[in-house]
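Since the structure comes first, as structure tokens, the remarks are kept for the end.
The values are calculated or read from the model by the stated rules, or taken from the named source; none is laboratory data. What you see is a predicted model; the values in this text were computed from it and never measured. Virtual Cβ from ideal backbone geometry, glycine too; neighbours counted across all protein chains shown.
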Amino acid sequence: MERSKRIETLDKRAVNLDGFINEWPEMGFVAMSSPYDPKPSVKVVDGKIVELDGKQRNEFDFIDQFIADYAIDIKKTEASMAVSSLQIARMITDINVSRREVVELIAGITPAKMVEVMNYLNVVELMMGMQKIRARKMPGNQAHITNLKDDPVQIAADGAEGAYRGFAEEETTMGVARYAPLSAIALLIGSQVGRPGVLTQCSAEEATELELGIRGLTTYAETLSVYGTENVFVDGDDTPYSKAFLNSAYASRGLKVRFTSGAGSEVLMGSSEKKSMLYLECRCLYVTKGAGSQGIQNGSVSCIGIPGAVPAGIREVLAENLVAALLGLECASSNDQSFSNSDMRRTARTMLQFLPGTDFIFSGYAAEPNYDNMFAGSNFDAEDFDDYNVLQRDMQVDGGLRPVTEEEVIRVRNKAAKAVQAVFKNLGLSPITDEQVERVTYAHGSKDTPPRDVTADLMAAEDVLKRGITGVDIVRALAETGYEDIADNVLSMLKQRVVGDYMQTSAILDKDFNVLSGVNTPNDYMGPGTGYRVEGSRWEEIKNIPHIINPQDI
């Protein structure tokens, strides 16, 4: 049979390399509304919730019990549940109803009621809601800083460049887990070269990650994963209670903490209990709130291929981001996992968070080429910096980044590489050659850098742990090697841990170490002329992209 040339051409489009599946509720392949989702209900007796979404208390699993006991305002719940879901949905988008009013009402509703509310909102209305409900007035962004070689010099340079470009937080991880101490040190130093006040973390096995934090080598954590069904959540002996305990362990040592969850994880692990992805994610978010975490990394995250394959799946991703904000949580809204072969589709997915703004539009923009991203590749990467800055300019939107010059990039990368070289030498860690500093300064990614001595690096990483090296040792080494300005910045980060203000909801630090959070800079959007506006010096900064024609020069 002769084929249509047009259909043949369309069949070759990148989008048709993606995976798609029709809804299959019995296996959890349904985005926002499964016929098996429970109906909203609540009953309170003697100050205790005894019925939750159709279950009696003696039928609760441990997620139900945790949510009933810790995540719902028992004093408000019966009144909140009496308000129709349609009315709550309209309040979310109504510019005459404040964020505070909405959040106070939402505090009393159940997960099933939340799902019902979200199903009344289309994508534009969900974006309207996010613009009003996110906790912090000004949106922000977070970067991944990783490479295939676990090269600490490249981590420092990429961290410095990323911080200079505007990322408020930077996260690293390793291909070889034992590199963690060197990666954490390199990112701590590099970030403070690029811009004072950038928060950093090293994603590792939880005991290691906690130890690095206690030692002052990191300032936040976000890989405390929670799940929406009991069969999945017991994996690795995790429970809501163990996560709450781990959260308190970080927080008591002055580290900002975010949990991680996302639609599709229960489907991927074969235990969705026939529920919709949104309902299961709502359970995760309620557990996060009940455990006392200030925020969440969500939006399907590494499971994005699952909701991305079903109808309305990308709408569900935005809905779960909005649910996080409605529960009063900081929302780092994913966009950190490449999910599509289509550039058009991956950009469209990102615009749902980019346009209204979230606390962190990406919970991991790859500030390196995607081949170096050890988190499996981000939706946007270092090769998209100019496109992203132009999108900010096109739409007068603050996406958390800014244009930079080549000279500035070379300067901060070189300074960061040299600072790490000096610190490693001062502390007697693995050597860093002048050639490596030079190559990393001008590198795009690890394909442009010389190999490291892996054995020497791993011995040095082990030595960091054995010798008990802390953030104070990093400050001392920087000061002793002529990098007093970076030493001051790292010391200021350590002081912030004592103060503890950056553990407020949605907190970031500006270049003067002032805390900007949902507490002291709350989102006050109530329609046109209110809330955060891209104007003044920030607008001038966003407009000043490279490769621009300046009329004054003609």
What residue, among those in the range 228-248 that are buried (at least 17 other Cβ atoms within 10 Å of the Cβ) and among the small types (Gly, Ala, Ser), is farthest from Gly28 (Cα to Cα)? Ala244
Residue by residue through the range 351-378, note down the ones that are over 13 Å from the mean Cα position of the chain (by Cα) and among the polar types (S, T, N, Q). Asn370, Asn373
Can you confirm whether Glu438 is under 21 Å from Ser191 (Cα atoms), touching a helix residue (DSSP H, G or I) at 6+ places or on another chain (Cβ under 9 Å) and among the acidic types (Asp, Glu)? yes
Tally up the residues in the range 25-60 that are aliphatic (A, V, I, L, M) and either assigned to a helix (DSSP H, G or I) or in contact (Cβ under 8 Å) with a residue 40 or more places away in the chain (or both), please. 6
Every residue from the range 228-264 that is under 21 Å from Ser300 (Cβ atoms) and either acidic (Asp, Glu) or in a helix (DSSP H, G or I) (or both): Glu230, Asn231, Val232, Phe233, Asp235, Gly236, Asp238, Pro240, Lys243
So, of the residues in the range 7-49 that are of a type in the set (D, E, K, R) and surrounded by 14 or more Cβ atoms within 10 Å (Cβ to Cβ), which turns out to be farthest from Met344 (Cα to Cα)? Lys43
Under 9 Å by Cβ, and 6 or more places apart or on different chains, what pairs join a residue from the range 398-417 that is β-branched (Val, Ile, Thr) with one that is surrounded by fewer than 16 Cβ atoms within 10 Å (Cβ to Cβ) and in a helix (DSSP H, G or I)? Ile410/Tyr442
Restricting to the range 215-224, count the residues that are crowded, with 24+ Cβ neighbours inside 10 Å, touching a residue at least 40 places away in the same chain (Cβ under 8 Å) and not in a strand (DSSP E or B). 3
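Here are Gly364, Gly377, Gly400: which of them is assigned to a strand (DSSP E or B) and touching a strand residue (DSSP E or B) at 6+ places or on another chain (Cβ under 9 Å)? Show your work before the answer.
On the way: Gly377 fails: assigned to a strand (DSSP E or B); Gly400 fails: assigned to a strand (DSSP E or B).
The conditions single out Gly364.
Of the residues Ala184, Ala160, only one is without any contact (Cβ under 8 Å) to a residue 60 or more places away in the chain and either small (Gly, Ala, Ser) or assigned to a loop (DSSP other than H, G, I, E, B) (or both); which?
Ala184
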List every residue pair whose Cβ atoms lie under 9 Å apart, where the two residues are 6 or more positions apart in sequence or sit on different chains, the first residue falls within the range 196-209 and is more than 17 Å from Ala332 (Cβ to Cβ) and touching a residue at least 40 places away in the same chain (Cβ under 8 Å), and the second residue, located anywhere, is surrounded by fewer than 23 Cβ atoms within 10 Å (Cβ to Cβ) and among the β-branched types (Val, Ile, Thr). Glu206/Thr223
I'd like to check something: does the range 442-457 contain any residue that is in contact with a helix residue (DSSP H, G or I) (Cβ under 6 Å, 6 or more places away or on another chain), farther than 29 Å from Gly295 by Cβ, crowded, with 16+ Cβ neighbours inside 10 Å and among the β-branched types (Val, Ile, Thr)? yes
For the subset of the range 337-350 comprising residues that are modelled with pLDDT of 95 or more and under 16 Å from the mean Cα position of the chain (by Cα), which member is farthest from Ala312 (Cα to Cα)? Thr350
How many residues does the range 463-506 contain that are β-branched (Val, Ile, Thr) and surrounded by fewer than 17 Cβ atoms within 10 Å (Cβ to Cβ)? 4
Of these, Asp394, Asp398, Asp381, Asp372, which one is in contact with a helix residue (DSSP H, G or I) (Cβ under 8 Å, 6 or more places away or on another chain), over 16 Å from Phe167 (Cα atoms), at pLDDT 95 or above and acidic (Asp, Glu)? Asp372
Six or more apart or on different chains, Cβ atoms under 8 Å: show the pairs whose first residue is in the range 105-123 and touching a residue at least 60 places away in the same chain (Cβ under 8 Å) and whose second is part of a loop (DSSP other than H, G, I, E, B) and polar (S, T, N, Q). Thr110/Ser41; Ala112/Ser41; Val115/Ser33; Val115/Ser276; Asn119/Ser33
Can you name the number of the only condition in (1) among the hydrophobic types (A, V, I, L, M, F, W, C); (2) within 22 Å of Glu211 (Cα to Cα); (3) in contact (Cβ under 8 Å) with a residue 40 or more places away in the chain; (4) surrounded by fewer than 19 Cβ atoms within 10 Å (Cβ to Cβ) that Met526 fails? (2)
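May I ask you to say which residue of Ala112, Ala71, Ala135, Ala143 is under 28 Å from Gln201 (Cβ atoms) and either touching a Pro at 6+ places or on another chain (Cβ under 8 Å) or basic (Lys, Arg) (or both)?
Values: Ala112 fails: under 28 Å from Gln201 (Cβ atoms); Ala71 fails: either touching a Pro at 6+ places or on another chain (Cβ under 8 Å) or basic (Lys, Arg) (or both); Ala143 fails: either touching a Pro at 6+ places or on another chain (Cβ under 8 Å) or basic (Lys, Arg) (or both).
After applying the criteria, what remains is Ala135.
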If Arg413 satisfies every condition in (1) within 27 Å of the chain's Cα centre (by Cα); (2) buried (at least 18 other Cβ atoms within 10 Å of the Cβ); (3) closer than 15 Å to Lys149 by Cβ; (4) not aromatic (Phe, Trp, Tyr) but one, which is the exception? (3)
Run Glu169 past the list (1) touching a Leu at 6+ places or on another chain (Cβ under 6 Å); (2) more than 25 Å from Gly254 (Cβ to Cβ); (3) acidic (Asp, Glu) and report the number of the one that doesn't hold. (2)
Any idea which residue in the range 278-309 is nearest to Val117 (Cα to Cα), counting only those that are over 16 Å from the mean Cα position of the chain (by Cα) and surrounded by fewer than 24 Cβ atoms within 10 Å (Cβ to Cβ)? Lys289
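The rows are residues; the columns are (1) within 15 Å of the chain's Cα centre (by Cα); (2) surrounded by 24 or more Cβ atoms within 10 Å (Cβ to Cβ); (3) modelled with pLDDT of 95 or more; (4) under 24 Å from Gly399 (Cα atoms).
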position: Ala163; (1), (2), (3), (4): no, yes, yes, yes
position: Arg178; (1), (2), (3), (4): no, no, yes, no
position: Ala186; (1), (2), (3), (4): no, yes, yes, no
position: Val193; (1), (2), (3), (4): no, yes, yes, yes
position: Val198; (1), (2), (3), (4): yes, yes, yes, yes
position: Gly213; (1), (2), (3), (4): no, yes, yes, no
position: Val226; (1), (2), (3), (4): yes, yes, yes, no
position: Ser261; (1), (2), (3), (4): yes, yes, yes, yes
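May I ask you to verify whether Ser363 is of a type in the set (S, T, N, Q) and either touching a Leu at 6+ places or on another chain (Cβ under 9 Å) or modelled with pLDDT under 95 (or both)?
Values: of a type in the set (S, T, N, Q): yes; either touching a Leu at 6+ places or on another chain (Cβ under 9 Å) or modelled with pLDDT under 95 (or both): no.
No; evaluated as a whole, the condition is false for this residue.
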Looking at the range 435-444, can you tell me whether even one residue there is without any contact (Cβ under 8 Å) to a residue 60 or more places away in the chain and farther than 23 Å from Leu182 by Cα? no
